[in-house]
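Taken together, the values in this text are just the output of simple stated rules run on the coordinates, not laboratory data. Because the structure is predicted, anything quoted here is derived from the model rather than measured. Because the Cβ atoms are built from the backbone with ideal geometry, glycine has one as well, and the counts that use them run over all protein chains shown.
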Amino acid sequence: MKNSKLSPKAFTFFFSFTFFLFCLSYAGICDEREELYGSLNKSLTIDFDQSSQLPEGFKVETTGFTRHNAIWKVIKDDQAPSKPNVLKITEIPSPSSSQFNICWSDKIRFRDGTIEVKVRADSGHIDQGGGPMWRVKDRMNYYVARLNPLEDNFRIYYVKEGRRVMIGTSTFKGIKKGQWFTIKITVKNDLITGWVNGNKLIEVRDLTLGDEGGVGLWSKSDAASSFDDLSVHMKE
């Protein structure tokens, strides 16, 4: 049986062609991700106006134990900050005081940078309002900032293995049910800064969840809220 070794010229051609195919495949994956979510060091804004469906890559879950997830829908709203649509929690079946309603994506990878979102508390007797999530590992592990008009306070927590721990709090009065407000969070390694309507309220250091993760939106218990203009700026 003859030796079937490739000649140096044939080997070079085979290696070069294989590497070319790999580069095409990798570029396609990166282009698809950039088209949907942008790349590191770039900003992206999701205003929920492109479709009546949840943005691609977002999923609805619950932190805690419940038989049913909250119902999140993209709907038309004449009071939307950027018309015509908002993302709204339209129904929370059998809410409990210990459940957290979340809608998040692991396709947007965030560790450091800025997250900003507009929120409106539509209803809730146990709780109201909500806010953004970041460095989300899964439904049981993440950071969250929220404003609660019922309690007149703004707080930042980490949630680890489903247990919520407060790491910063501030009084903030004047936000009522049905009124839009803006939460902005800046993150640089362990330094987390929280703003409401342009007012710097919390600056705290914590590195319980130090790795990059997803981003999303959050409410507690029976807090049916609306969200618009989710803006994310990612830094390396």
Take R67 and K42, extend 7 Å from each Cα along the Cα→Cβ direction, and tell me the distance between the two endpoints in nm.
4.6
Ranking F181, F154 by Cβ neighbours within 10 Å, fewest first, what do you get?
F181, F154
What nm distance separates the two modelled labels at D206 and M166, each placed 7 Å from Cα along Cα→Cβ?
1.1
Once both label points are put 7 Å beyond Cα along the C-beta direction, the I126-S96 separation in nm becomes 0.9
Add +1 for every Lys or Arg and -1 for every Asp or Glu among the other residues with Cβ under 14 Å from the Cβ of F48, and state the total.
0
